[in-house]
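The values are calculated or read from the model by the stated rules, or taken from the named source; none is laboratory data. Note that the coordinates shown come from a computational prediction; the quantities given were computed from them, not determined experimentally. We place every Cβ from the backbone using ideal geometry, glycine too, and count neighbours over all the protein chains shown.
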Amino acid sequence: MAEGVYHQEMHISWQEFHDDTRKLADKLKYREWKGLLAITRGGLGPATVLSRELDIVHVDTVCIASYDDEKSQGELNLLKSISLEDQGEGWLVIDDLVDTGKTIRLVRELLPKAHVATIYAKPAGMDLADTYLTEVAQDCWVFFPWEE
Ligand SMILES: O=P(O)(O)OC[C@H]1O[C@H](OP(=O)(O)OP(=O)(O)O)[C@H](O)[C@@H]1O
């Protein structure tokens, strides 16, 4: 593990990811969504499951890169933005994790009325997610199955 702010790690299996994303979907079934936006790349896996669970066919991406391989976050790089009517009202944005909240802050600037959901949330950024499933300690680095 890299030195610095991370002192623990958590490895999520494909089964755990699938189970957790279905539980997140249950929290999001209270309304119809106009569409689903995945924040790349971490939101792509959850978007596959959510689009089925919530029966959303209109799926698009907001492409943002930040962390490098050394677990340090560089400047956010907005590779593909999106423009929606009504400031994103009625749209669901999905990411795997909110950590510092920098990524979601940028998405909220683009789509202030969209509903932002993540499966996992760390304390520093959790208030920026409208819905999340599970809190993770700030000093824990999460490994997703698609990264192993
Ligand atoms: O709350 P923050 O501190 O902004 O961190 C969370 C973001 O970091 C990860 O993406 P990353 O930039 O590593 O890119 P990836 O999804 O391509 O792995 C994750 O998928 C979130 O998008």
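Quick grid of which residues meet (1) hydroxyl-bearing (Ser, Thr, Tyr); (2) near the ligand (Cβ under 9 Å from one of its atoms); (3) under 11 Å from the mean Cα position of the chain (by Cα):
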position	(1), (2), (3)
66	yes, yes, no
82	no, no, no
89	no, no, no
99	no, yes, yes
102	no, yes, no
115	no, no, no
125	no, yes, no
137	no, no, no
140	no, no, no
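If residue 110 meets every condition in (1) in contact (Cβ under 8 Å) with a residue 12 or more places away in the chain; (2) more than 9 Å from the ligand (Cβ to nearest atom); (3) within 20 Å of residue 57 (Cα to Cα) apart from one, which number is that one? The number of the failed condition is (3). The set of residues in region 98-123 being of a type in the set (A, V, I, L, M) and touching a Gly at 6+ places or on another chain (Cβ under 6 Å) consists of 98, 111, 114.
When you look at residue 74, is it near the ligand (Cβ under 10 Å from one of its atoms) and more than 16 Å from the chain's Cα centre (by Cα), yes or no? In short, yes.
In region 25-46, the residues that are part of a helix (DSSP H, G or I) and modelled with pLDDT of 95 or more form Cβ pairs under 9 Å with partners that are within 16 Å of the ligand (Cβ to nearest atom) and among the polar types (S, T, N, Q), at six or more places apart or across chains, as follows: 27/131; 44/61; 45/21; 46/21; 46/118.
Among the residues of region 1-45, those identified as touching a Lys or Arg at 6+ places or on another chain (Cβ under 9 Å) and either closer than 28 Å to residue 79 by Cα or among the small types (Gly, Ala, Ser) (or both) are 2, 4, 5, 6, 25, 40. Within region 103-131, being more than 13 Å from residue 43 (Cβ to Cβ), in contact with a helix residue (DSSP H, G or I) (Cβ under 9 Å, 6 or more places away or on another chain) and surrounded by 13 or more Cβ atoms within 10 Å (Cβ to Cβ) holds for 105, 108, 110, 111, 115, 121, 125, 128, 131.
Do we have residue 29 as basic (Lys, Arg) and loosely packed, with under 14 Cβ neighbours inside 10 Å here? Even if it seems obvious, please write down each step before you answer.
Working: basic (Lys, Arg): yes; loosely packed, with under 14 Cβ neighbours inside 10 Å: yes.
Yes: the conditions hold for residue 29.
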